[in-house]
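Heads up: the structure comes next, in structure tokens.
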Amino acid sequence: MAAVDLSSAKVLVTGGGGFVGVPTVRALAEAGARVRVLDVADSPRLSGIECDLQVGDIADEGVVAAACADVDYVIHLAVLPLTQANAEVSLAFETNIRGSFNVFRAAGEAGVRKIIYSSASSAYGPTQAVPISEDHPLRPSVFYAASKAASEMVLRGLAGNCGFGYCILRYMNVYGPGQRAGVVPAIARRLLAGERPILNGDGEQAFDFVHIDDCAGANLSALISDANGEDFNVGCGEATSLNALVALMNQLLATELAPTYQGDPTPAPPRVGRIEKLRDLAGFEARVALRDGLAGVLDELRNAEFASAR
């Protein structure tokens, strides 16, 4: 199943200083790859990880071309995140769509062998499917999701023109240490402060929570596999409600802070992905149990708050 020896490979990771980027860069370095990172800023989280950091914007064609020179593989993670992308759609277009085009074209012109593209399960849009399979139509309902779906199409088209291999990874609900926006850190911060978490509706909305270390593992598994032209869901394949998430964190903290609810419940099926394809074609399965992952999130937030209070 494995077709790539990373010990002799040079890999570019765009957005390598980011949330999913850092564990991906670390995993590549530990596998023996020579790693180049392109990010808009230096990241202290890359300290201690052997990599060649180039600071620059993927919206700059010249910067991207220089970053792609002499590399064998690209893992494209750089993105304007969800909230900002939906609020600033012009910037999101330049970064998420035009920037991705710049990366894919420059990689093709540089003779890169394979690209791993970090998409998102939000590209599927609202759906009643449980679980969501990779052949589900892409019907994004917000601009961030649309930018991900559009970049998938751009990648497919340029792969046809340039001849490089590729895989598309659609992450489910990603969480982990270092996350500052999203439902997991929002709940965790309130519990750590001794406050009741605030949930929308009745808290029964359920999601497939996948840890950043598993996203990094999926990136590497897709890269070294012989899979080509494939799209993969990345998740645990299990749905966890927000109420259950609160209960689990209460257990970890030995607290009993019940959530408060706001707004009317909006019935929706669990948002969970079918994950067998990634296992069958790339040999990957998520390994971080939700309880263990949440414990790491709580520890990191507790330590960060302690450090800021000193």
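The values are calculated or read from the model by the stated rules, or taken from the named source; none is laboratory data. Note that this is a predicted model, so its numbers are computed, not measured. Don't worry about glycine lacking a Cβ; one is built from the backbone with ideal geometry, like all the others, and counts go over all protein chains shown. Note: accessible area is taken over every heavy atom of the protein model, side chains too, but ligands, DNA and RNA are not part of it. Shrake-Rupley method; radii C 1.70, N 1.55, O 1.52, S 1.80 Å.
Worth pointing out:
- Compared with the dominant Cα axis of the chain, that is its longest principal axis, helix 290-309 is turned about 90°.
- Accessible carbon and sulfur surface of the stretch 96-230 relative to its total accessible area, %, 1.4 Å: 49 percent
- Once you reduce the stretch 159-196 and the stretch 23-100 to the center of their Cα atoms, the two points are 16 Å from each other.
- For the stretch 155-186, the set of trypsin sites (Lys or Arg not before Pro) satisfying both a DSSP loop assignment and a count of at most 12 other C-beta atoms within 10 Å is given as ARG180.
- Accessible surface area normalised per residue over the chain is 44 Å², counting heavy atoms of protein chains with a 1.4 Å rolling probe.
- Of all accessible heavy-atom area on the stretch 1-51, the percent that carbon and sulfur account for (1.4 Å): 48 percent
- Given 12 as the ceiling on other Cβ atoms within 10 Å, longest exposed-site-free region of the chain for GluC sites (Glu not before Pro) in DSSP loops: 1-194
- Solvent exposure ordering (accessible area, 1.4 Å, most first) of TYR261, TYR144: TYR261, TYR144
- Counting only DSSP H runs of at least 4 residues, each contributing -39500 (n - 2.57), and dividing by the residue count of the chain, the helix-based mean residue ellipticity at 222 nm comes to -12000 deg cm²/dmol.
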